[in-house]
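Let me begin by presenting the structure, written as structure tokens, before commenting on it.
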Amino acid sequence: MVTIMDVARAAGVSPSTVSYVLSGKRAISLETRRRVQQSIRRLGYHPNARARALASSRTSVVALVVPFRVDLNVSVVMQFVAAMIGAARAYDHDLLLLTKDEGPAGLRRVIGSAIADALIVMDVESAEPRIPVLAALERPVVLVGVPDQPRGLTCVDLDFAAAGAVTVHHLADLGHRRIALLGPSPAVYERGTSYAGRFLRGFNEAVAAHGLHAVSHPCEPSYDGVRAYLDQTLGADPSITAIVTHNEAVLGPLLSEVRHRGLDVPGDISVVAVCPDDMAMAQSVALTSVAIPSAELGRLAVDMTMRQLDGPAPAEIRLLSPRLTQRASSGRPTRSDT
């Protein structure tokens with residue numbers, strides 16, 4: 001049976017250091033912690049979980065709060081979840097997925113039951129009603145998303161305002177003058193979800209800076225929703241030559257319906273999407289896209305959580321710069337948009 005002495009010897013540290021890494025009772029440098037954890041995994045060491053929890057008052061569990069709503073794109077969320085699971089395992093922690101729509105009372109219940117050492121919260125609203133409770137919790141909290149008033153909480157996200165601007169800059173550089181935004185479900189805007197509002201703001205500011213004409217409408221995540229959106233948008237203004245879609249669920253239906261209307265992508269309509277790279281590449285036309293870096297965001301959220309578990313850490317807001325990749329779905333307009 002592998003012992004704590006074996007782990008210490010393999011990692012080149014003392015047995016007490018291994019114990020501190022397992023218990024969290026003392027701050028250990030990130031490099032030493034990783035070396036110990038690598039030795040634990042390589043040797044297959046399994047400490048007595050019950051004894052460890054009793055000794056440290058720690059569960060080695062991080063709770064991820066993400067309600068599975070009808071307008072949520074589950075495949076994208078699961079990319080975040082997979083990245084967080086891998087990152088948590090590297091720290092010898094498990095991830096507990098909480099999918100109920102937890103309000104302030106639900107968060108108190110989770111922490112009060114001592115089932116997790118820390119919280120990572122997704123689906124953050126601009127006027128986030130859970131902020132007072134989250135700020136008062138005596139547990140590390142990391143938000144994937146940025147509310148208007150973070151109240152000293154640590155946040156990480158894609159810079160969605162910059163992402164909205166990047167899509168407009170790309171189309172303006174290609175010569176498009178009349179563009180449209182296909183937004184998320186109306187429920188996402190009604191709920192005041194942070195990323196949707198920030199993206200729309202960046203999009204509109206860039207449109208104004210370039211002197212373009214643009215319209216934006218939400219879109220239900222269904223084929224009927226795409227059809228209604230195109231009727232509303234192209235029906236009112238057939239001179240539109242480009243669509244930015246901030247709605248991963250309708251990428252396939254959008255390309256199909258545009259083609260059904262006798263329009264070519266990108267010959268008649270350029271399309272720029274905001275989505276993970278694999279989704280952009282999997283469409284009938286490879287989509288020019290701004291990547292949603294779910295893997296990087298997931299890892300960062302866990303790293304930020306672990307820094308707080310190691311000891312007091314200053315709150316920070318980290319926004320990842322957007323990355324646009326041009327593919328087959330965008331090009332110079334071939335018809336007049338005036």
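The values are calculated or read from the model by the stated rules, or taken from the named source; none is laboratory data. All of these numbers come straight from a predicted model, not from anything done at the bench. Counting neighbours? That spans all protein chains shown, and the Cβs are built from the backbone with ideal geometry, glycine included. Surface areas here come from the heavy atoms of the whole protein model, side chains and all, with no ligands, DNA or RNA. Shrake-Rupley method; radii C 1.70, N 1.55, O 1.52, S 1.80 Å.
List of remarks:
- Filtered residues of the stretch 257-279 (kept if open to solvent by 40 Å² or more (accessible area, probe 1.4 Å) and of a type outside the set (D, E, K, R)): 260, 262, 263
- Taking the stretch 142-165 as the range and being over 15 Å from residue 315 (Cβ atoms) and over 18 Å from the mean Cα position of the chain (by Cα) as the test, only 165 passes.
- Any chance residue 157 is out of contact with any Pro (no Cβ under 7 Å at 6 or more places or on another chain) and either under 30 Å from residue 288 (Cα atoms) or at pLDDT below 95 (or both): yes
- Residue 116 fulfils the conditions (1) under 20 Å from the mean Cα position of the chain (by Cα); (2) at pLDDT below 95; (3) not acidic (Asp, Glu) except for a single criterion, (1).
- Total residues in the stretch 21-37, condition open to solvent by 50 Å² or more (accessible area, probe 1.4 Å) and at pLDDT 80 or above: 5
- Test: residue 75 is open to solvent by 10 Å² or more (accessible area, probe 1.4 Å), assigned to a helix (DSSP H, G or I), of a type in the set (Ser, Thr, Tyr) and modelled with pLDDT of 85 or more: yes
- For residue 58: the one exception among (1) at pLDDT below 80; (2) touching a strand residue (DSSP E or B) at 6+ places or on another chain (Cβ under 7 Å): (2)
- Output for the stretch 204-243, where each listed residue is open to solvent by less than 30 Å² (accessible area, probe 1.4 Å), closer than 21 Å to residue 263 by Cα and in contact with a Gly (Cβ under 8 Å, 6 or more places away or on another chain): 219
- Here residue 187 does not fit the description of being in contact with a Lys or Arg (Cβ under 8 Å, 6 or more places away or on another chain), closer than 28 Å to residue 304 by Cβ and open to solvent by 20 Å² or more (accessible area, probe 1.4 Å).
- Among the residues making up the stretch 285-325, those that are part of a loop (DSSP other than H, G, I, E, B) and either surrounded by 15 or more Cβ atoms within 10 Å (Cβ to Cβ) or on the phi > 0 side of the Ramachandran plot (or both) are 285, 287, 292, 293, 311, 315, 322.
- Subset of the stretch 1-41 [in contact with a Phe, Trp or Tyr (Cβ under 7 Å, 6 or more places away or on another chain), closer than 16 Å to residue 58 by Cβ and not in a loop (DSSP other than H, G, I, E, B)]: 37
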